[in-house]
Every structure is written in C-alpha cells, then in structure tokens.
Amino acid sequence: MIPASIAIVTKNEEANIEAALDSVRDAAEIVVIDSFSSDRTVEICKKYTDKVIQKEWEGYARQKQAAVDLAAGPWVFILDADERFTPELKAEIINAIEENRHDGFNVPRKNFFMNRWIRHGGWSPDYTLRLFRKNAGRVEDREVHEKIVVSGSVSYLKNPLMHYTYNSVSDYLKRADTYSTLAAKELKKTGAAPSAPDFLLRPIATFIKMFFLRLGFLDGKYGLVLAVLYSYYTFLKYAKAWEMR
C-alpha cells in the first residue's frame, strides 16, 4: 500500500481520471475535489474512493489546498488527472516514507506531447514537489503554476511520474488561452507594465531557450512545434497583462 493520501482536483476529466486513479488504487486514501463536472468524472471517481467532494472553482492553488486539508494521513501526494504512477515510483515512495528522513520530495516527470516522450526543451528532467508531510507543506496561493512550499528538509526521488499532457495542438491552444489569462493576472499583481518589446522579444527568447539552448531541436518536429507554441503562450501572457492595465 502507498502510505500517503492522494489529493486530486478535477473538472470534466473523464478521459483521463480513470487511468490516474487506477495507478494509485492501492493508496492509503484518495481525496478528490471536483468542481461540478458535467461529464462522468464523479461517477468514475466514486469507483475508487468515497471521498469525493464537490466545490465551486476557486483556482488551482485553493482547490488543491482544499484536497490537502481533507487528507487524513500524515503524508500527501498531489496528483493531476493526466498523471500516472509506475510500480517503481510506488516502491520508491514507500521506501522514502519508511526512512522518514525528509519532509518533502521533488518527483521527476516523464512528459508526453501527442503521446511522444519529450526528452529536451526543458521538459526533461522536470522536477516538481508533490510528496510532503501534511503538517509541513502548503500550496502556494498563485493564479497559475502553483507549487508546494515545504518547511523542512526536501529531497529528490529518482523514478518518474508519467505525465500525459497536451494530446494535440488544439488541446494546447485551448489551455494556453486559460493559463495565459491566469499568468497575466499574476503579472498584474506585481505591477509589471508590459511594453511592445515584451510582446516581441520575450516570445523570441522563449523559442531560443527551448529549441536551441535546451536542445529542443533533438526532439525533431515535436520540439519545434512545442517551442513555437510556448512562444505563442508567452506573447499571449504579456499581451493580456497589457490589456488588463
């Protein structure tokens, strides 16, 4: 058994959620915070746990913190609906908790774009803090790109979490519109005043960093498409921040 509470936030995730839940079905506990899905998400979740709570959407950070707050165990792992555990990762987590030497762990993610593993462009290794003691960690309250803040010792796991992110270009573009709006709100909070050079130079810098400096070209056309898409996202973020002002 995975000696941790698995915390998951959902909204209309029927295409992904069953595989995610099945990969952690032997966890000590699964807590799902659902934002009133209109598909079969809740029905599927109830096959794996009786701790499915519906809550109006308050943002990624607050929804995830709500799931953490409801966790009964001393250890929590935050899992997204498009992520999967492997047997190797389970074994490593069990060992890490039994050793009891750290308060949090960064987990590497093996990221897939259109079902292809992306090895470069900043996508690998992609460490994210997901496993932590409940009494030592919290979800930082941000509009987007929220992260876990742990008070105590933090280490790294070796075995990756499978992350089946954007399954198509259209999928990326749809989510880029949402994420760029949230990122623009974060920029607005800082008092940043985007200008014309930001619209032009920052997207170019994003492309150069992903495709050349981080060797995205080694992923071929997939790396090229991702670098262009991320450049577009960068443009949207600064253009929307300008629009908000």
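Coordinate-derived values only; no laboratory data. Just so it is clear, the model here is predicted, and its values are computed rather than measured. Note that we place each Cβ from the backbone using ideal geometry, even for glycine, and neighbour counts take in every protein chain shown.
Label-to-label distance for Arg119 and Phe217 is 1.7 nm, based on points extended 7 Å past Cα in the beta-carbon direction. Percent of alpha carbon pairs in the range 132-184 separated by more than 14 Å? In whole percent, the long-distance tail amounts to 70. The sum of -39500 (n - 2.57) across all DSSP H runs of n ≥ 4, divided by the residue count of the chain, sets its helix-only mean residue ellipticity at 222 nm to -12500 deg cm²/dmol.
Which angle from 0 to 90°, rounded to the nearest 10, does the C-alpha axis of helix 60-70 make with the longest principal axis of the chain? Taking the Cα atoms of the chain, the angle to 60-70 is about 10 degrees. Each Cα pair under 8 Å and six or more residues apart adds its sequence gap; the mean of these over the residue count of the range 52-172 is a relative contact order of 36 percent. As a length-normalised measure over Cα pairs under 8 Å and 6 or more apart, the relative contact order of the chain settles at 18 percent. Most tightly packed first, judged by the mean number of other beta-carbon atoms within 10 Å of their residues, the peptides 77-87, 135-145, 235-245 read 77-87, 235-245, 135-145.
When the alpha carbon coordinates of the range 97-144 are projected onto the principal axes, the ranges are 37, 32, 16 Å, largest first.
With θ set to phi - 60° and the Karplus curve 6.51 cos²θ - 1.76 cosθ + 1.60, what are the ³J(HN,Hα) couplings of the range 219-226 in order, to the nearest whole Hz, using x for Gly and Pro? Residue by residue, the range 219-226 yields 8, x, 4, 5, x, 5, 4, 5 Hz. In this rough spin-label picture, where each label sits 7 Å from Cα along the Cβ direction, the Glu43-Asp69 distance is 3.1 nm.
Shown here are the Rg and Dmax of the Cα trace of the range 169-244, at 12.9, 38 Å. Give the angle, between 0 and 90 degrees and rounded to the nearest 10, that separates the Cα long axis of helix 196-207 from the longest principal axis of the Cα atoms of the chain. Tilt relative to the chain: about 60 degrees.
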